Every structure is written in C-alpha cells, then in structure tokens.
Ligand SMILES: CC(C)(COP(=O)(O)OP(=O)(O)OC[C@H]1O[C@@H](n2cnc3c(N)ncnc32)[C@H](O)[C@@H]1OP(=O)(O)O)[C@@H](O)C(=O)NCCC(=O)NCCS
C-alpha cells in the first residue's frame with residue numbers, strides 16, 4: 001500500500017470504491033447506468049481547485065481510497081483557471097448526457113439537480129470561513145478501521161499547519177462514517193436536515209464539521 005498524488009488513471013479506479021460505499025444512484029434511478037452518476041459525483045469533486053491529494057494505491061497500483069482537499073492559501077491562479085475549465089467541461093458534458101436521456105427523463109433529472117444543487121449550496125455555505133477543506137475522504141471497506149484514515153488526516157492537518165492554516169471544514173451525512181470526525185477532534189459546526197440525504201427520518205442528517213489547528 002502506498003500514498004501517491006492523484007493521476008488521471010485513478011479516476012476509474014475510485015468509482016467502484018465510491019459505488020460500494022454510497023448509494024448515489026438513488027438520485028437518478030432511471031439512469032442508463034449507475035456509472036454515469038458516480039462519474040458525475042467524482043468529477044464534480046475533482047473539478048474544484050484541489051491542491052492536496054492523497055491516493056491510496058494497493059500493491060497492484062490501483063487506487064483504493066483517497067483524501068482530497070484544498071488548502072486555500074496554496075490555491076494559485078493556475079488551480080483557479082484549471083477549476084473553471086474543468087467545471088465548464090463538466091457542465092457541457094453533463095448537459096449533453098442529460099439531453100440524450102442518459103440520466104433518465106429530462107424533467108425529473110433537472111428537478112433532482114435543483115434539489116441537489118440547493119442542498120450542496122447550503123452545506124458548502126460556510127466553506128469561505130475556513131482555511132482548509134476536505135472534499136472527499138474514503139477508503140475501500142477492506143482497509144477501514146486499521147488507522148490508515150487517521151494517518152491520512154494527520155498528513156492533511158500537518159500540511160495545513162505548515163502553510164499557516166488555522167481551520168479545516170468538511171460536510172458529511174448520517175450515512176457516512178461521521179464518527180471518525182468526532183473521534184479525531186472535529187467539532188460540529190452546524191447540523192441540517194435534508195429529505196435527500198441518508199436517514200431523512202432523523203431530524204438532523206447533514207453535518208458540517210470544523211477542526212481547529214493548534
Ligand atoms: C472515514 C474513513 C476514511 C476513516 O478511515 P479508517 O481508516 O477506517 O479510520 P481509522 O481506522 O484511522 O480510525 C480512526 C479513529 O476513528 C474511529 N472510527 C473509525 N470508523 C469509525 C466508526 N465507523 N465508528 C466509530 N468510530 C470509528 C476509530 O475507532 C479510531 O479511533 P481511535 O483513534 O480512538 O482508535 C473510513 O471509515 C471510510 O472510508 N468510511 C466510508 C466513507 C466515509 O464515510 N467517509 C467520510 C465521510 S465523507
């Protein structure tokens with residue numbers, strides 16, 4: 001097992017890791033293939049101005065987990081330009097797929113995207129107040145509970161600290177391993193309820209966490 005920086009080849013390798021963990025295909029039940037949905041999620045995450053990537057590669061060199069994030073002080077103009085271009089490309093590609101029906105009936109898809117957009121907008125609202133953001137943190141099931149996640153978070157926190165960052169944020173939901181953040185020393189910044197997150201029957205099912213770097 002080794003930790004490397006993100007490369008394009010990791011994209012398709014990470015899709016099954018996400019797919020085994022999170023049921024994103026529920027958002028577009030009539031999509032031609034669940035793969036389209038996972039591609040959209042992963043591409044959206046990777047389109048941001050990321051400047052911290054830890055990809056866990058197994059002995060065959062395949063990506064089996066990652067922690068990707070942003071340390072704002074290190075976001076350069078190049079990162080920003082790349083992010084704008086990537087997001088533009090993603091919008092065009094996704095619109096095309098929607099219009100040719102890859103995600104299911106067009107009207108329902110746009111309704112769903114509106115709901116998801118407003119949820120993400122709400123959850124991301126506070127990002128500007130923090131110096132670092134964890135955008136995606138996941139390990140293949142077989143690797144969990146062995147201390148690897150904590151090591152990866154330590155690496156991110158150390159890099160943030162080196163760069164003078166004082167705070168980190170992330171959002172998650174009740175269907176994720178949010179207990180990790182409580183154990184690690186994150187504090188709850190804000191809780192929300194959304195009918196489209198996991199466990200909608202709970203009064204609060206979306207969590208924005210914060211971590212103070214000492
Ligand atoms: C979140 C994740 C990356 C953590 O990695 P991990 O390697 O399993 O975590 P670690 O083994 O390093 O655990 C670190 C600490 O968190 C605790 N912890 C981890 N998972 C836990 C769980 N499900 N419930 C309670 N505590 C948990 C561990 O007991 C450990 O505590 P300790 O420091 O007191 O020993 C991994 O569990 C995962 O991929 N989860 C699914 C995806 C996800 O939900 N990601 C995060 C939300 S976006």
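From the Cα gyration tensor of the chain, with a ≥ b ≥ c the square roots of its eigenvalues, which class applies: rounded if a/c is under 1.5, or else prolate if a/b is larger than b/c, or else oblate?
Rounded is the answer for the chain, as its axis ratio a/c remains below 1.5.
Once both axes come from the Cα atoms, what is the angle between helix 148-162 and the longest principal axis of the chain, in degrees from 0 to 90, rounded to 10?
70 degrees
If I fit a long axis through the Cα atoms of helix 34-46 and take the longest principal axis of the Cα atoms of the chain, what angle between them do I get, 0 to 90°, rounded to 10?
The two axes meet at around 40 degrees.
Enter the Cα centre distance for the pair segment 62-128 and segment 162-214, rounded to the nearest angstrom.
20 Å
Stick to the Cα atoms of segment 1-98, pair each with every other, and give me the Kirkwood hydrodynamic radius in Å at one decimal.
Averaging 1/r across every pair of different Cα atoms and inverting gives 14.5 Å.
Calculated from DSSP H runs of 4 or more alone, at -39500 (n - 2.57) each and per residue, what is the 222 nm mean residue ellipticity of the chain, nearest 500?
Helix-only estimate at 222 nm: -13000 deg cm²/dmol.
Of the peptides 58-71, 25-38, how do they stack up when ordered by the mean number of other Cβ atoms within 10 Å, highest first?
Result, highest mean Cβ count within 10 Å first: 58-71, 25-38.
For segment 96-214, give the share of DSSP beta bridges that are antiparallel, in percent and rounded to the nearest 5; count only bridges with both residues there.
Within segment 96-214, antiparallel bridges account for around 85 percent of the total.
Nearest 10 degrees is fine. How inclined is helix 77-99 to the longest principal axis of the chain, computing both from alpha carbons?
Between helix and principal axis, roughly 30 degrees.
A short reminder: the numbers here are calculations on the coordinates, not readings from a lab. These numbers come from a predicted model, not from an experiment. When we count neighbours, we look across all protein chains shown, and the Cβ atoms used for this are built from the backbone with ideal geometry, even at glycine.
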